[in-house]
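**Q** Here it is, the structure in full.
Every number here is computed from the coordinates shown, using simple stated rules; none is lab data. What you see is a predicted model; the values in this text were computed from it and never measured. Neighbour counts run over all protein chains shown; Cβ positions are idealised from the backbone, glycine included.
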Amino acid sequence: MLYVSSSFVPTFPVEEADICFIGIPFDSTASAVGNQRFGPLHVRQALRNIHWNVPGRGNPLKRLKICDLGDVEVVPESLEETSERVKDTIESVKRINSDIFFLFIGGDHSITLPIIRTLKPKSVVHLDAHADMWGSNLSHSSWAMYAKKEGFDLHQFGVRAFSEKEKPLKGNLKKLKEPVYVTVDMDVFDPSFAPDAGLLEPNGLAPQDVFGILDKVFRKRVIGMDIVEISSLQLNNPTAQLAARLILHVLSNLNG
């Protein structure tokens with residue numbers, strides 16, 4: 001069953017699409033700031049306002065068809081029920097189009113776990129300022145700990161803030177196993193580039209650093225990606241604008 005609301009623009013049907021765009025406006029595990037539930041809204045608005053052209057690569061929409069399914073109808077305060085709806089939505093899409101590339105917009109970082117549990121990638125590339133391996137309950141700050149315990153092959157990049165109980169995982173792009181899933185917390189960027197990320201940490205990565213990592217990752221077979229932790233009430237905020245540019249850059253790496 002598809003637990004999604006209506007799309008913001010007419011798009012290609014699932015069976016014809018190369019890319020499936022899904023929002024997951026869930027932020028009930030966020031420990032600070034809040035407003036991550038507005039991430040899908042902000043990113044869609046930002047995508048309306050950018051020029052769909054990548055220097056040297058052209059416009060990816062000339063070869064790719066996108067299906068925007070709208071947002072999963074989340075259950076506030078219930079990660080368990082929301083996770084089931086995410087799972088059912090993914091499975092419903094895959095029954096129609098098994099080769100489609102999934103692009104999710106959160107929401108807080110807890111949404112990544114039900115996604116990878118359903119898609120079952122061999123490796124997960126995790127770009128984040130935080131290790132997300134802290135706490136006893138499943139949340140935005142512990143999802144990676146759960147993923148590791150469940151046997152997922154995690155490769156972390158950009159981590160620079162973690163508790164004494166955490167041990168960040170080293171990323172190695174040469175050891176990625178296909179298929180690959182990518183998750184990007186917007187606080188992986190330096191706050192000067194993404195001031196509306198959920199939990200800001202100084203000395204972060206520049207856009208060219210993140211884009212360079214993703215260019216190498218997408219030499220492998222990547223089956224999906226999420227972008228999470230945009231925290232703002234302001235439309236056209238710089239963090240959402242950067243997320244839109246990130247999406248455009250990723251799409252330029254995909255073939256229809």
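**Q** If you put +1 on each Lys and Arg Cβ and -1 on each Asp and Glu Cβ, how big is the dipole of region 14-251 around its Cα centre, in Debye rounded to 20?
**A** Numbers: 28 positive and 31 negative charges, 235 e Å.
Roughly 1120 debye for region 14-251.
**Q** Oh, and also: Within 10 Å of each residue's Cβ, count the other Cβ atoms and sort V86, V228 from fewest upward. Each step should come with its number before you reach the end.
**A** Details: V86 26, V228 30.
Neighbour counts put them in this order, fewest first: V86, V228.
**Q** Going 7 Å from the Cα of K175 in the Cα-to-Cβ direction, what parts of region 143-160 have a backbone nitrogen less than 13 Å from that spot?
**A** What the label zone holds, given the 13 Å backbone N cut-off, is 153-156.
**Q** I've got another one for you. Would you list, by chain and number, the lysines whose Cα falls below 17 Å from the Cα of K87, excluding same-chain residues fewer than 8 positions away?
**A** Of all the lysines, those that pass the test against K87 - Cα under 17 Å, at least 8 places apart if same chain - are K120.
**Q** Here is a further query. Determine the relative contact order of the chain: mean sequence separation of Cα pairs under 8 Å and six or more apart, normalised by residue count, in whole percent. Show your work: numbers first, answer last.
**A** Working: 577 pairs, mean separation 64.2, N = 256.
It comes to 25 percent, rounded to a whole number.
**Q** Here's something else I'd like to know. In the chain, once you exclude exposed GluC sites (Glu not before Pro) (DSSP loop, at most 15 other Cβ within 10 angstrom), what's the longest stretch remaining? All intermediate terms of the calculation are to be shown ahead of the outcome.
**A** Details: sites that count: E73, E77, E150, E164.
Of all site-free stretches, the longest is 165-256.
**Q** For a 32 Å ceiling on Cα separation, which of these pairs sit above it: K65/K216; K65/K177; K94/K165; K148/K220; K65/K148? Show your work: numbers first, answer last.
**A** Numbers: K65/K216 23 Å; K65/K177 27 Å; K94/K165 38 Å; K148/K220 21 Å; K65/K148 34 Å.
K94/K165; K65/K148, as the Cα separations exceed 32 Å there.
**Q** How large is the Rg to Rh ratio of region 14-251 when both quantities use alpha carbon positions and Rh follows Kirkwood?
**A** Working: Rg = 16.2 Å, Rh = 17.5 Å.
So for region 14-251, dividing Rg by the Kirkwood Rh gives 0.92.
**Q** Next up: Using DSSP, restrict attention to beta bridges with both residues in region 14-251 and report what percent are antiparallel, rounded to the nearest 5. Don't jump to the answer; show the numbers that get you there.
**A** Details: 2 of 35 bridges.
Restricted to region 14-251, the bridges split so that about 5 percent are antiparallel.
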